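The values are calculated or read from the model by the stated rules, or taken from the named source; none is laboratory data. Being a predicted model, the structure only gives us computed values, none of them experimental. No Cβ is skipped: glycine too gets one built from the backbone with ideal geometry, and neighbour counts run over all protein chains shown. Only protein heavy atoms, including side chains, enter the accessible area calculation; ligands, DNA and RNA are left aside. Shrake-Rupley method; radii C 1.70, N 1.55, O 1.52, S 1.80 Å.
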Amino acid sequence: MNRAKNKARNCILAISLLSIYSITCNAQNSFVKNRSTFEVSKHIDKTDLKINTGDEVHFAAFGTIVLRGNTGSTGPEGLDGFTNYCMDPVFPYGALLYKIGDDDDWNMVDSVDSIMADQTGYLKLMVNDNDPSNNKGRFIVKVLVKGFKTNSAQKIAKNIDPNKNIDLNK
């Protein structure tokens, strides 16, 4: 009986260690899924870049847009004020915004950080301007999407049923 208990404990310990190892090694299991470049000067309803839940997304944005020909020029960070000209007044006027899918809220592109996608959908980009028809210039947006490989430890961990009783008599 003790031998069977030890065998079961060793099996559980091995599976636990494999699970911990797989979690701590996620960064080593990442791979580049997509590199895309977009030119944005107004609204883009939807890009052809599909992002999946859990993907790591990095943005790099640069360029200048002259807004409405007379309210000033800006980079992707936008201008303070002019909220009555904004599509989304939460963000600066002329800022470069993104969202993933249809249900997500707009967010400001931050070239310093990366995001972890919390839903699957197509990337949408826009300049925060409710009438971009007379804007001049553009933002260049480079997007790098990283996915994660599933290793054998993750596959084993997914198949463990913690509610299943182990027969120690076998």
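The table below lists the values:
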read-out	value
Any hit, the stretch 72-81, residues being open to solvent by 80 Å² or more (accessible area, probe 1.4 Å), modelled with pLDDT under 95 and of a type in the set (S, T, N, Q)	no
Filter result (hydroxyl-bearing (Ser, Thr, Tyr) and under 14 Å from Pro76 (Cα atoms)) within the stretch 90-122	Tyr93, Tyr98, Ser111
Which listed residue is open to solvent by 30 Å² or more (accessible area, probe 1.4 Å), in contact (Cβ under 8 Å) with a residue 24 or more places away in the chain and more than 11 Å from Leu125 (Cβ to Cβ), from Asp48, Asp104	Asp48
Count of the stretch 51-66 residues which are buried (at least 20 other Cβ atoms within 10 Å of the Cβ) and among the aromatic types (Phe, Trp, Tyr)	1
Filtered residue count, the stretch 29-60, keeping only those that are at pLDDT 85 or above, closer than 18 Å to Gly147 by Cα and of a type in the set (Phe, Trp, Tyr)	1
Search result, residues across the stretch 115-143 that are open to solvent by 40 Å² or more (accessible area, probe 1.4 Å) and assigned to a strand (DSSP E or B)	Ile115, Met116, Tyr122, Lys136, Gly137, Arg138, Lys142
